[in-house]
Amino acid sequence: MPVLSNSVLSDPIRFRKTAAGLALIGAPAAGFVSCLTDSTESLGDKGASLYPVVTAHSGAIWTTGLIFMVSAILTVPAALGLAHLVPRRGAALAQLGATFMIIGAFGHMGLATWQLMISRAAGTGAPAAISTYLGRTAALNPVLLPLLVLIDVGLVLLAAGLLQARAVPRWAPWSVIVIIAADFVIQFTSVTAAWPVMAVWGVL
């Protein structure tokens, strides 16, 4: 009984801190690992260009989707854990940032689900029909893209709240703000190399 009474599960404050800490490490770590297995598929690709990628790398895309799901799930306790560090001053920014991150996590889950779905499309029918089907999945782009952007926006707001509250060393939230700015440049320009995205996840 004494062992149980001193366990993490029996102490709600200790449990929340432990869960948040593990999620803060696990969410970006899973994102980093997903870069190691990811292929060149993109949600906005046309079916004709997506089909050969899916055919050649279906296993890698499936694995990446599963890993990215883990990252999406862990984003929720990570966001709540960060917001919990800001009890008063900066609380509005932190709470809004956490809300955006949690909503954005649904976008990450949607992207991961899309990867699982397309990874099993190759070889299930005539190439022309499959290419048409894959092209139609691009309709998800205007739905998922805003949600994915909310992750970055939420992180910046949370970082600003942490700065305002002076709840953590200043280098930590400033690092987040700088790396998210770099991520926007990577995602919305013609950068195609994998290492910049891996660097973003690594710093996070």
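Largest accessible area first, the residues 108, 57, 84 order themselves as 84, 57, 108 under a 1.4 Å probe with ligands, DNA and RNA left out. Solvent-accessible surface (1.4 Å probe) assigned to residue 70 amounts to roughly 70 Å².
Just going by the charge dipole of the chain, with Lys and Arg at +1 and Asp and Glu at -1 on Cβ, which of 201, 154, 87 is farthest out on the positive end? In the chain, that residue is 87. For a test of the definition: using alpha carbon positions, the gyration tensor, and the 1.5 limit on a/c, classify segment 1-64 as rounded, prolate or oblate. Judged from the Cα gyration tensor, segment 1-64 comes out prolate (a/c at least 1.5, a/b above b/c).
Classify segment 3-107: rounded, prolate or oblate, from the alpha-carbon gyration tensor (a ≥ b ≥ c, eigenvalue square roots; a/c under 1.5 rounded; otherwise prolate if a/b is larger than b/c)?
Values: a/c = 4.26, a/b = 1.92, b/c = 2.22.
Oblate, because a/c is 1.5 or more while a/b does not exceed b/c.
The candidates 119, 131, arranged from most to least accessible area with a 1.4 Å probe in the full protein assembly, appear as 131, 119. Sort out for me the Cα centre separation of segment 128-174 from segment 41-99, rounded to whole Å. Spelled out, the Cα-based centre of one part sits 7 Å from the other. Working note: Cα atoms of the chain, range along each principal axis, descending, whole Å: 61, 45, 26.
Mean-square fluctuations from a GNM of the chain, with a 10 angstrom spring cutoff on Cα atoms, peak among 66, 150, 140 at 140. Only the Cβ atoms of Lys and Arg (+1) and of Asp and Glu (-1) were treated as charged; on that basis the dipole of the chain about its Cα centre amounts to roughly 580 debye. Per-residue accessible area (protein heavy atoms, 1.4 Å probe) orders 96, 162, 157 as 96, 157, 162, starting from the largest. Here r is the Cβ-Cβ distance between residue 48 and residue 116 and R0 is 30 Å; the resulting FRET efficiency, rounded to 0.05, is 0.90. Across the chain, C-alpha contacts under 8 Å between residues 6 or more apart give a mean separation that, scaled by the residue count, equals a relative contact order of 25 percent. Extension gain, residue 106-residue 14: 0.36 nm per intervening residue step, less the Cα-Cα distance, totals 30.4 nm. With the whole protein complex present, residue 40 retains an accessible surface near 110 Å², based on a 1.4 Å probe. Between the residues 99, 29, 186, the greatest Cα displacement towards the positive end of the dipole of the chain, with unit charges on the Cβ of Lys, Arg, Asp and Glu, is found for 99.
The values are calculated or read from the model by the stated rules, or taken from the named source; none is laboratory data. Keep in mind it's a predicted model, so treat the numbers as computed, not measured. As a convention, Cβ positions derive from the backbone with ideal geometry for all residues, glycine included, and neighbour counts pool all protein chains shown. Surface accessibility is based on the protein's heavy atoms, side chains included, excluding ligands, DNA and RNA. Shrake-Rupley method; radii C 1.70, N 1.55, O 1.52, S 1.80 Å.
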